[in-house]
Amino acid sequence: MSGGSQAQSGAGPGGAKSKFVLFEPVVLVLLSLATVGTAWCSFEAASWGAVAGGFTNRSLAASRRASLAELQAQQMALLDVLLFSQHINALVSSNDTLARFYADRFRGEAKTAYAAWMATKPFENPDAPPHPFVTNFYQPKLLEAARAADAESQELAQQGGDAGRISRAYILITVLLACSLFAGGTASKFEQTGIRRAVLVLGLASVGFAAVRLWALPTHF
């Protein structure tokens, strides 16, 4: 009887041990995947963060160029308006020499706008524009450059925001993988089988969800 009981007692622990023969290999795979994934996501998060910073810096530079070009365009427009006013005053005063003096000093955009305005016969046609500085006549290049730089700044800001969101997505995956590392490292510490299995399943689920999110994200080397 004692020999039979010893055989049964020996079979009990051995059978229980065989049930968990895959526990340690699964934990090893979990820890390996989580460690490699954490390193990769940290690298990608830093890379995309640098990309976002580069886009942001370029956006700010383009915005400064737009502001400077707009300011210069306003200053040149003020000069053009002043020369045009003096030219008209000279024409009204029948001072052709002075009128020609001011007309010769019109800038390129102002000369083009003035020629187009005079073609409408403003002194005879009541429907003519009141001055040559309307949008379809007066088109300063500095203002066009300011608009182009502003559009470039907005596009770069959008690209920087996209890169920043990708970087934050990698950081979120890093947090998930950290949870997997915690679960894999602590699962074997519990004595109750149910808790060990639950913690291990939690770690595997975190790795699986992180892998799905990681598959959908772009990479940057």
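What follows draws every value from the coordinates through simple rules; no lab data is involved. The structure presented is a predicted model; accordingly, all values stated were derived computationally and were not measured. Heads up, the Cβs are rebuilt from the backbone with ideal geometry, glycines too, and the neighbour counts pull from every protein chain shown.
Note on Trp215, Trp48, Trp117: ascending count of other Cβ atoms within 10 Å places them as Trp215, Trp117, Trp48, the fewest first.
Kirkwood radius for the chain, taken over all pairs of different Cα atoms as the inverse mean of 1/r, rounds to 24.5 Å. Helix 23-92 and the longest principal axis of the C-alpha atoms of the chain enclose an angle of approximately 10°. The charge dipole of the chain, taken about the Cα centre with unit charges on the Cβ atoms of Lys, Arg (+1) and Asp, Glu (-1), comes to about 1000 debye, rounded to the nearest 20.
Fewest neighbouring Cβ atoms within 10 Å first, the residues His87, His131 line up as His131, His87. Residues in segment 176-181 carry Karplus couplings, in order, of 4, 5, 5, 4, 5, 4 Hz; the curve used is 6.51 cos²θ - 1.76 cosθ + 1.60 with θ = phi - 60°, and Gly or Pro positions show x.
Can you tell me the 0 to 90 degree angle between the C-alpha axis of helix 108-119 and the longest principal axis of the chain, rounded to 10? Approximately 60 degrees, to the nearest ten.
Spin-label model, His131 to Ser94: label points 7 Å out along the Cα-to-beta-carbon direction sit 2.7 nm apart. Applying the criteria of a DSSP loop state and at most 14 other Cβ atoms within 10 Å to the chymotrypsin sites (Phe, Trp or Tyr not before Pro) of segment 148-198 yields Phe190. Loop exposure criterion: GluC sites (Glu not before Pro), DSSP state outside H, G, I, E and B, at most 10 other Cβ atoms within 10 Å. Applied to the chain, the longest stretch between such sites is 1-123. Positive contributions from Lys and Arg (+1) and negative ones from Asp and Glu (-1), summed over other residues with Cβ under 12 Å from the Cβ of Phe84, come out at +1. For a quick check, take a GNM of the chain with Cα springs below 10 Å and name the residue from Val27, Val92, Val199 with the largest mean-square fluctuation. Most flexible of the set in this elastic network: Val92. Computed from backbone phi, the HN-Hα couplings of segment 130-135 come to x, 7, x, 8, 8, 5 Hz, rounded to whole numbers (Karplus: 6.51 cos²θ - 1.76 cosθ + 1.60, θ = phi - 60°; Gly and Pro given as x). The helix-only estimate of mean residue ellipticity at 222 nm for the chain, built from DSSP H runs of length n ≥ 4 each weighted as -39500 (n - 2.57), is -29000 deg cm²/dmol after division by the residue total.
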